[in-house]
Amino acid sequence: MPQRCSNEGTVKTKKISKVLIANRGEIALRIIRACKELGIKSVVVFSEVDVNGVWVRKADECYPIMGDPIAAYLDYERIISLAKKADCDAIHPGYGFLSESAEFAQACVDNNIIFIGPKPEHIALFGDKMASKVAMRAVGVPMLPGTDEPIDNINDAEKIASDIGFPIIIKAAFGGGGRGMRIVEKAEDFKEMYESATKEALRFFNRGEVFIEKYLKNPRHIEIQIVADKYGNVVHLGDRDCSIQRRHQKVIEIAPSPLLNEATRRELYRISTKAMFKLGYESVGTIEYLVDQDDNIYFIEMNTRVQVEHPVTEAISGIDLIQRMIAIAEGDQLIFLQEEIKFRGYAIEFRINAENPKLGFVPSPGLITNYLAPGGPGVRLDSMAYTNYQIPSNYDSMIGKLIVTALTWEDAVRKARRALDEFLIEGIPTNIPLHRQIVRDEHFIKGELDTGYLDSKLQHFNLDAIHNMDDEEAKMKHITAVIEAINKNNLNVRH
């Protein structure tokens, strides 16, 4: 029988009674709900523009932070001060903002506040792209050919790129999210792309150094969800396919990957859990890989936080990742062995963004005048949106996530079509029309996905479609005519 590791004498345990959530939007609401189910009180901080946020209303306590709307969620000294004032014994950072700040995590520890996440040293390690590559290679994780040290000299960079061979990709050494990233197809374009990447990296991350890797054309983007406690127990919660992307930003995520080779899947699980065990990782985390057409595996990065796409993993595993993060932070052991985790069906997550697909996906903040959410079996919606909610212009354009779950891939796609057709957001443009096109595309239906999927499809999609190309105006005219006929003729309608 498999056994859990146990070193109970070396781990301090402390039950959490009150959590400050250092975030906003749907992830703040998600954490509040997890806390309520655990009997833990929740506290949120909010900027001036977030005063009407639904998460502010749902929390047990809320505290404003005035000033710049973004700086409000980055001022960790102020946040820690408020946590103390509210008698919070823990802080959950969500994703984005301070979630991958080793300084913030260490400041929590120094102030005797539990940081619900990994150890500061692991956040620092994986926040440094070069150091993380070296560490992961040392524990047997395969890498793309590329640099091991940050580069800040164009002549050195050009020689390295030539030695690797084009195409190559330039990536910001101290950032992510697609910023400071450029693909270079041929040598004569290198100088222009290098300068562009380093300038963007400097602007967004205050560091202009980059690293260079061999670029794989249209691989699959696969990630493995890891959960690890303080006793050396490490398990995976399956894989996610995040290949549908636009400008290196994820658009749709799927669990598990519909066409991943089973031998490759098992190898991804093996190397991921082994690496995290060897490095002594704690809490949840996600290891991201590229898988080429020959099923070769290459490490991209490790995310030391809960992911935007965590609901699809929860859907197929039945495990609440936020609650597991809290339990691990309290010092609890994992309540399951790897052999006890059973995966069921497929889940698909659609990121719902306030953006205009017809105008190059430009963000479209504004007032939601009408909001009707989809529902029914196998449909989950994580969103902060509602009718008359004013979407601010200060933050990321994502306003929610639609997650559908079914026993087979085919049923999941059909459920997605139905749920997306039910979804109504008026007053602002959204990317819902794009999602409706994708779920009707033959290659998506077959699960034939790679990172080049969306680029090749966008020009063929009809982004003018509002509701699966139904004539919504004609539909409303018909309903109005029926109501008028009832009123005019005083007809009795049997219910």
field: Computed magnitude of the charge dipole of the stretch 169-255 (debye, nearest 20; Cβ of K, R +1, Cβ of D, E -1)
entry: 180 debye
- line: With label points set 7 Å from each Cα along the Cα-to-Cβ direction at ARG266 and ASP128, the distance between them in nm comes to 3.7 nm
task: Taking the dipole about the Cα centre of the stretch 1-126, with the C-beta of Lys and Arg at +1 and of Asp and Glu at -1, give me whichever of ASN52, VAL11, LEU74 is farthest to the positive side.
output: VAL11
query: For the chain, what is the relative contact order in percent, using Cα pairs closer than 8 Å and at least 6 residues apart in sequence?
result: 13 percent
field: the chain: equivalent-ellipsoid semi-axes (sqrt of 5 x gyration tensor eigenvalues, Cα, Å)
entry: 36, 30, 24
Extension gain (nm, one decimal) between GLU48 and ASP396, 0.36 nm per residue minus Cα-Cα: 123.6 nm
- line: Magnitude of the Cβ-charge dipole (Lys and Arg +1, Asp and Glu -1) of the stretch 161-211 about the Cα centre, nearest 20 debye, reported as 280 debye
field: Extended-chain gain in nm, criterion 0.36 nm per residue less alpha-carbon gap, MET143 and LEU202
entry: 18.7 nm
- prompt: What does the charge add up to near PRO374, with Lys and Arg as +1, Asp and Glu as -1, over the other residues with Cβ less than 9 Å from its Cβ?
  reply: -1
- request: In vacuum, with every alpha carbon of the stretch 1-103 counted as one equal point scatterer, what does the Debye formula give for log10 I(q)/I(0) at q = 0.10, 0.19 Å⁻¹? Two decimals, please.
  value: -0.31, -0.89
statement: Placing each pseudo-label 7 Å from Cα in the direction of the beta carbon, LEU424 and PHE277 end up separated by a distance in nanometres of 5.4 nm
task: Return the Cα extents of the stretch 50-104 along principal axes one, two and three, sorted largest first, each rounded to a whole Å.
output: 30, 25, 20
query: Taking every eigenvalue of the Cα gyration tensor of the stretch 197-270, multiplying by 5 and rooting it, what semi-axes result, largest first, whole Å?
result: 28, 19, 12
message: If each residue of separation counts as 0.36 nm, what is the full-extension length gain between ASP464 and ASP156 once their alpha-carbon separation is subtracted?
response: 106.2 nm
message: Sequence gap at least 6, Cα distance under 8 Å: using those rules, report the relative contact order of the stretch 160-286 to the nearest whole percent.
response: 21 percent
Eligible aspartates and glutamates near LYS84 by straight Cα distance, threshold 14 Å, same-chain separation 8 or greater: GLU61, ASP110
field: Rounded to whole Å, sorted largest first: equivalent-ellipsoid semi-axes of the stretch 376-421, Cα gyration tensor
entry: 27, 10, 8
- prompt: Between their Cα atoms, which of LYS12/LYS85; LYS186/LYS457; LYS133/LYS230; LYS15/LYS41; LYS159/LYS186; LYS15/LYS230 are more than 19 Å away from each other?
  reply: LYS12/LYS85; LYS186/LYS457; LYS133/LYS230
message: Give me the dipole magnitude in Debye, nearest 20, for the chain about the Cα centre, with unit charges on the beta carbon: positive for Lys and Arg, negative for Asp and Glu.
response: 1140 debye
- request: Within the stretch 317-408, report the trypsin sites (Lys or Arg not before Pro) that DSSP leaves as loop and that have at most 10 other Cβ atoms within 10 Å.
  value: LYS342
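FYI, it's all coordinate maths here, none of it is from the lab. Remember, predicted model here, so these are calculated numbers, not experimental data. In this analysis, Cβ positions are derived from the backbone assuming ideal geometry, glycine residues included, and neighbour counts consider all displayed protein chains.
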